[in-house]
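Written below as structure tokens is the structure these notes are about.
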Amino acid sequence: TRPRVSENLNINYYREPQSDSRSWDLVLDLTLRPSSRVLVTLSPAAGWNRAGLQYIGAAGGPGGTRYYAGRLEQTTAYLTARINYTFTRDLSLQYYGQPFLTAGRYDAFRQVADPRAHDLDPRFRPLTPAEAADFPSPDFNFREYRSNTVLRWEYRPGSALFLVWSQGRTGFAPDGTFRFGDDVKDLFRVQPANVFLVKL
């Protein structure tokens with residue numbers, strides 16, 4: 001009675017004119033049932049975010065601590081995948097995996113001048129070109145992959161054996177440019193951390 005293919009699309013948009021911030025994201029939920037033994041759920045997602053006043057960090061000096069913000073342009077893409085395969089009533093395999101990519105670039109650097117100011121303009125002081133040139137770049141590319149695979153065997157009623165394989169990969173680069181194909185390749189070049197478990 002259930003369809004072999006079902007889908008759901010979500011689109012979200014946000015805007016805050018005062019700080020020149022806005023974002024959108026798109027998520028597709030796709031469920032596949034090729035047979036009574038197999039259930040596949042795929043959720044690809046993509047998003048873009050502009051944060052007009054993103055906190056960057058603080059620096060100490062003779063005049064006290066100085067706080068900095070900037071405009072962040074960030075692009076994100078990820079996929080959440082789940083696969084359930086039932087071999088028999090007592091033996092099944094489950095997989096969960098999520099590759100995640102995001103990159104962000106900063107500009108329009110500002111220093112907090114008057115944190116109690118009612119309006120935004122007097123609250124921040126734009127950095128001069130010379131100050132901005134010396135400002136350390138906070139641009140980033142972050143890549144991550146997490147997966148979990150579980151084989152479950154109920155070898156007798158009420159007793160089960162679990163074989164588990166978990167893998168993680170995390171990579172970072174101070175680039176800030178989102179390149180989907182290159183980022184995927186770089187993600188899977190990262191040395192993985194593998195964990196194997198047996199539970200009885």
task = Working only within the stretch 12-50, note down all residues that are in contact with a helix residue (DSSP H, G or I) (Cβ under 8 Å, 6 or more places away or on another chain) and small (Gly, Ala, Ser).
result = SER19
message = With touching a residue at least 40 places away in the same chain (Cβ under 8 Å) and either open to solvent by 50 Å² or more (accessible area, probe 1.4 Å) or of a type outside the set (Asp, Glu) (or both) as the only criterion, which of VAL5, VAL27, VAL40 stands out?
response = VAL40
note = So, first residue under 8 Å from LEU101 (Cα atoms) in the stretch 176-188, second residue open to solvent by less than 40 Å² (accessible area, probe 1.4 Å) and not hydroxyl-bearing (Ser, Thr, Tyr), Cβ within less than 6 Å, six or more apart or across chains; the pairs are ASP183/LEU101; ASP183/ARG143
request  = Name the one entry in TYR78, TYR67 that is under 29 Å from ASP183 (Cα atoms) and of a type outside the set (A, V, I, L, M).
outcome  = TYR78
message = Looking at the structure I just gave you, is VAL195 in contact with a strand residue (DSSP E or B) (Cβ under 8 Å, 6 or more places away or on another chain), of a type in the set (Val, Ile, Thr) and assigned to a helix (DSSP H, G or I)?
response = no
request  = Taking the residues in the stretch 100-110 that are surrounded by 15 or more Cβ atoms within 10 Å (Cβ to Cβ) and out of contact with any helix residue (DSSP H, G or I) (no Cβ under 6 Å at 6 or more places or on another chain) as candidates, determine which candidate is nearest to ARG169 (Cα to Cα).
outcome  = PHE100
query = Considering only the stretch 116-134, how many residues are surrounded by fewer than 16 Cβ atoms within 10 Å (Cβ to Cβ) and touching a residue at least 24 places away in the same chain (Cβ under 8 Å)?
reply = 1
inquiry  = One residue is enough: does the stretch 139-147 have a residue meeting the conditions under 17 Å from the mean Cα position of the chain (by Cα) and not in a strand (DSSP E or B)?
reply    = yes
note = Taking the stretch 167-193 and keeping residues aliphatic (A, V, I, L, M), surrounded by 12 or more Cβ atoms within 10 Å (Cβ to Cβ) and out of contact with any Phe, Trp or Tyr (no Cβ under 9 Å at 6 or more places or on another chain) leaves VAL184
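The values are calculated or read from the model by the stated rules, or taken from the named source; none is laboratory data. Keep in mind the model is a prediction, meaning the values are calculated, not measured. Reconstructed Cβ throughout: ideal geometry from the backbone, glycine too, with neighbour counts over all protein chains shown. When the accessible area is computed, the model is the full protein with side chains, heavy atoms only, and any ligands, DNA or RNA have been set aside. Shrake-Rupley method; radii C 1.70, N 1.55, O 1.52, S 1.80 Å.
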